[in-house]
Amino acid sequence: MNILLSSAELDHFAKVGGLADISSALAIEWEKLGHNPIVVLPKYQCIDHLEEIEFTDTGLLFTICSLPIRIFKSVIPHTRIPVFLVECDSLYNRPGIYGNPDGYEDNDLRFFVLCKAAFEIMIALNIKIDIVSAHDYHTALLLPLLKLEYGMNPLFQHTKGVLTIHNAQYQGFYEINRVSTFTQWDLYSKDIQSPFLFDNKFNALYTGINFADAIIAVSPGYANEILTHEFGEGLHDVFQQHKHKLHGILNGVNYDSWNPENDKYISEHFSLQDRNGKQKGKLKLLTSKIGMIEPEALPLFGIVSRFTSQKGFDIFHGCIEQLLEEKKLHLIVLGSGDVQYEVYFTHLEETFPNHCSFTSGYDEVLAHEILAYSDFFLMPSVFEPCGLTQLYALKYGTIPIVRKVGGLKDTIENVQMMNGTGNGITFSAFNSDSLLTSIQIALEYYEHSDIMNTIIRNAMKSNFPIGNTANDYISLFKELLTH
Ligand code: ADP
């Protein structure tokens, strides 16, 4: 099967969050299963500076939306999976991926050009495509392009289009006049509801939903939740309308990258049988981040996150301060994003320098260290389509404390002391009291090494391989191609 995958992020090349991890892990697994994934990504400025990534000029030149485009080629490291990099300096040669904090004003055009380039590359190289795999609103416009324009080409005559929704909160509201100018699509349908406009706005995600042959939500829990007013981000009725083509497929982990026995980013390795390395790593991390020579025997709580209201940090007020004040725990935080959370965690670090550390920014090494060496991992999300960090934490015996939503609900089972089951601590109500209670339960468990050993063992044995995810995608693709 030839699978054209285009996404705004790809691990090793350009990453902000879990979208990058999954895009590249899926491609790798599909190749292992004998398929041919072909990836198309913008040639962002950051890619020029990556030591690990080499690319060559393919000589392919296009003009898309009157812009000159040049195509380079690379591979996902340690694989033969082609990654075509779309160079267009006026669109992509700038800092970051999306542009912070609100996104670049021309993201509509930036991602539309990416989608068109993906098809043009396949035509130039004469590659027949079975499946177009679009990810989130950024590349959702691959699907109308397939149905309205490129489907006439013999290379795409039998192609099916699949939209994976990693986060329905981001929808791509574009200005109608701009979009109609550069797409040349007739956005207003006379007799039927416009497949492009939702609430009188051009909505890229909504458009993708309408033109997709199938929609995948990144966990079964989230697939159910987006049908509801609470989690549908305004599109719940639309999801209801398209329920027949909506599937929930749980994301998974690339355990070649996230494994305590051979993680290349951490210095102290460990396993289920021998966890000494975890203890040593924790002491090193505490010493380097909190600056303590002999850290007290307190539990270490970790956070690695994008900073957005989705991640639930608003309920920290009135909970974490109290615990830090009482010297009940150490907290090490890594994250970046909304300024209000950067200010909040900076304040926590300044107020409790011996117990709290905050690192602002993106840091792959520190992310692995926090996930590997903490005792507990905090994820009190308002909503969570799947969440990957809780899955990574499990593998390292770092116990997730999560709110029971979306993929967190699907992957973390609350500890039941009576029968020794469970791999984490869960709570339901989104408020400081519930979080505080969960953390107090964690502190209680921490006092009892036999209980902790059981939970850690359950966590480390939890298994969510990306191979299962990739297999489920392939089964769905096959079903689409035979009908
Ligand atoms: P989301 O996709 O909503 O950001 P996930 O839990 O699915 O959340 O995935 C987050 C991914 O991004 C993980 O690989 C995590 O390690 C990584 N990550 C998030 N913030 C940072 C950061 N500040 N530095 C390094 N890695 C980060």
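The values are calculated or read from the model by the stated rules, or taken from the named source; none is laboratory data. Model, not experiment: these values are computed from the prediction. As a convention, Cβ positions derive from the backbone with ideal geometry for all residues, glycine included, and neighbour counts pool all protein chains shown. Note: accessible area is taken over every heavy atom of the protein model, side chains too, but ligands, DNA and RNA are not part of it. Shrake-Rupley method; radii C 1.70, N 1.55, O 1.52, S 1.80 Å.
Quick one: would you say Asp263 is of a type outside the set (Gly, Ala, Ser), out of contact with any strand residue (DSSP E or B) (no Cβ under 8 Å at 6 or more places or on another chain), in a loop (DSSP other than H, G, I, E, B) and modelled with pLDDT under 95?
No, not satisfied.
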Residue tally, condition more than 25 Å from Ile38 (Cα to Cα) and open to solvent by 50 Å² or more (accessible area, probe 1.4 Å), over the range 75-107: 6
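Can you pull out every residue in the range 124-143 that is surrounded by 22 or more Cβ atoms within 10 Å (Cβ to Cβ) and either small (Gly, Ala, Ser) or assigned to a helix (DSSP H, G or I) (or both)? Before you say what the answer is, go through the steps one by one.
Our first condition is that a residue be surrounded by 22 or more Cβ atoms within 10 Å (Cβ to Cβ); within the range 124-143, this holds for 129, 131-143.
Those that are surrounded by 22 or more Cβ atoms within 10 Å (Cβ to Cβ) and either small (Gly, Ala, Ser) or assigned to a helix (DSSP H, G or I) (or both): Ser133, Ala134, Asp136, Tyr137, His138, Thr139, Ala140, Leu142, Leu143.
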Leading residue by the ranking (farthest from the ligand (Cβ to nearest atom)) among those in the range 372-386 that are touching an Asp or Glu at 6+ places or on another chain (Cβ under 9 Å) and either over 19 Å from Glu225 (Cα atoms) or open to solvent by 10 Å² or more (accessible area, probe 1.4 Å) (or both): Tyr373
Filter result (among the β-branched types (Val, Ile, Thr), within 12 Å of the ligand (Cβ to nearest atom) and open to solvent by less than 10 Å² (accessible area, probe 1.4 Å)) within the range 1-27: Ile22
Qualifying positions in the range 438-447 - open to solvent by less than 70 Å² (accessible area, probe 1.4 Å) and over 12 Å from Met417 (Cα atoms): Ser438, Ile439, Ala442, Leu443, Tyr446
Selected residue (only one of Tyr396, Tyr392 is near the ligand (Cβ under 10 Å from one of its atoms), at negative phi, of a type outside the set (S, T, N, Q) and surrounded by 24 or more Cβ atoms within 10 Å (Cβ to Cβ)): Tyr392
Sole residue being within 15 Å of the ligand (Cβ to nearest atom), in the same structural domain as Asp433 (by TED's automatic domain parsing) and either over 20 Å from Ile439 (Cα atoms) or surrounded by 15 or more Cβ atoms within 10 Å (Cβ to Cβ) (or both), chosen from Lys264, Lys328, Lys289: Lys289
First in the range 327-338 and within 16 Å of Glu350 (Cβ to Cβ), second anywhere and within 13 Å of the ligand (Cβ to nearest atom) and open to solvent by 10 Å² or more (accessible area, probe 1.4 Å), Cβ under 6 Å, 6 or more apart: Val333/Phe358
